[in-house]
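All remarks here apply to the structure that follows.
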Amino acid sequence: MDAQTSFDFQLVRLRQPLYYFALSLTKNDADAEDLLQETLLKALLYKSKYIDNTNLKGWLCTIMKNIFINEYRRKSRNQTVSDESPEGKGLSKLESTKGSYPDTMYQVQEITTAVDRLGEEYKVPLNLYFEGYKYKEIADIMHLPLGTIKSRIFLARKQLQGPLGELRTRNMLHTEEC
């Protein structure tokens, strides 16, 4: 079997596990199928970048996760929700993604509370980052050096690991990992 046939065969073989991973990300059959199709298309377009005899499933899961994240960020940027509170920058967008899942509403509340506890110097760049701004854009908006922004976002994430570590562990137990 040549490399081309082998690659295609492996893609077909991994379709079902990839679909389950897509479903765990999207929580919706139609969206999961769309995400899977987009992942397979991208894999076929960039198969020259795949290194033979490496973890194809891992490579595909990374592609899928990146597509999902990029799509989420794109949708977040396009959804403008007015937030009149002075310290609520960006949080209204997070709250608008609650969806219809009861546990999601609770999780958003936990995340929002944890982010609210951060100091302003950490909260503002972190919220801008989650709104989809790049580090350089945040640095320009806040009139701070790029390194300072990267450091503050890193430290904010570190501070959130404690309060949100249990939430992440809970989600991992309910999500099929790739």
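The values are calculated or read from the model by the stated rules, or taken from the named source; none is laboratory data. Only a predicted model underlies this, so the values are computations on that prediction, with no experimental measurement involved. A quick note on method: Cβ atoms are made from the backbone with ideal geometry, for glycine too, and the neighbour counts reach across all protein chains shown.
Being among the polar types (S, T, N, Q), modelled with pLDDT under 80 and within 16 Å of the chain's Cα centre (by Cα) is the filter here; which residues of segment 45-77 pass it? Steps first, please.
Going through segment 45-77, the residues among the polar types (S, T, N, Q) turn out to be 48, 53-55, 62, 66, 70, 76.
Imposing the further condition that a residue be modelled with pLDDT under 80 reduces the set to 53, 76.
The answer is S76, and nothing else.
Take N70 and decide whether it is without any contact (Cβ under 8 Å) to a residue 40 or more places away in the chain, loosely packed, with under 12 Cβ neighbours inside 10 Å, under 18 Å from N28 (Cα atoms) and of a type in the set (S, T, N, Q).
yes
Return yes or no: is E38 loosely packed, with under 15 Cβ neighbours inside 10 Å, assigned by TED's automatic domain parsing to the domain that holds W59 and modelled with pLDDT of 90 or more?
no
If you take the residues in segment 118-138 that are under 22 Å from the mean Cα position of the chain (by Cα) and without any contact (Cβ under 8 Å) to a residue 24 or more places away in the chain, which one is farthest from K75 (Cα to Cα)?
Residue satisfying both the conditions and the ranking: K136.
For segment 51-70, name all the residues that are assigned to a loop (DSSP other than H, G, I, E, B) and not charged (D, E, K, R).
Within segment 51-70, the first condition is being assigned to a loop (DSSP other than H, G, I, E, B), and the residues that meet it are 51-55.
Those that are assigned to a loop (DSSP other than H, G, I, E, B) and not charged (D, E, K, R): I51, N53, T54, N55.
Using beta carbons and a limit of 9 Å, which pairs, at least six apart or on different chains, have the first residue in segment 146-158 and of a type in the set (S, T, Y) and the second one surrounded by 18 or more Cβ atoms within 10 Å (Cβ to Cβ) and assigned to a helix (DSSP H, G or I)?
The qualifying pairs are T148/P125; T148/A139.
Within segment 36-65, how many residues turn out to be more than 19 Å from S6 (Cβ to Cβ), in contact with a Leu (Cβ under 7 Å, 6 or more places away or on another chain) and free of Cβ contacts under 8 Å to residues at least 40 places away in the same chain?
Count: 1.
Taking the criterion of being of a type in the set (D, E, K, R) and closer than 17 Å to D8 by Cβ, would at least one residue in segment 50-69 satisfy it?
There is at least one residue in segment 50-69 that is of a type in the set (D, E, K, R) and closer than 17 Å to D8 by Cβ.
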